[in-house]
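First comes the structure, then the notes that go with it.
The values are calculated or read from the model by the stated rules, or taken from the named source; none is laboratory data. Because the structure is a prediction, the values reported are computed rather than measured. No Cβ is skipped: glycine too gets one built from the backbone with ideal geometry, and neighbour counts run over all protein chains shown.
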Amino acid sequence: MIKIRLFCAAGFSTGMLVNNMKIAANKRNIEVDIEACPQGKLDSSTEGIDVALLGPQVSYTLPKSKQICDSKNVPIAVIPMSDYGMLNGEKVLDLALELSSR
């Protein structure tokens, strides 16, 4: 099972993206645990996860977020604005899977 956390500011659109990612994973028979969390809780929400993704609206936190994730050996990236805006669960799942395999 791959544990993915999406970190954002508010959470409404990220919640919809999480649902689309779960649908994409289900179609591919990939076991996932995906949740949306506030970016402010990144430090306490990265234990035991495989991948952290930042919503574009909090991309400015990447340097600090990367330090936290690097210390826990968790890969992190910013979700591309186009994929986030289109709620493209397939592409964002692909990004998470790519990061988890590094």
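Annotations
- Subset of the range 70-102 (residues that are part of a loop (DSSP other than H, G, I, E, B) and under 12 Å from the mean Cα position of the chain (by Cα)): V74, P75, I79, P80
- Among the residues of the range 2-44, those identified as among the charged types (D, E, K, R), closer than 23 Å to R102 by Cβ and either assigned to a helix (DSSP H, G or I) or touching a Phe, Trp or Tyr at 6+ places or on another chain (Cβ under 8 Å) (or both) are K22, D43.
- Within the range 49-102, if we keep just the residues that are among the basic types (K, R) and in contact (Cβ under 8 Å) with a residue 12 or more places away in the chain, the residue that is surrounded by the fewest Cβ atoms within 10 Å (Cβ to Cβ) turns out to be R102.
- The test for being of a type outside the set (K, R) and modelled with pLDDT under 95 does not hold for S59.
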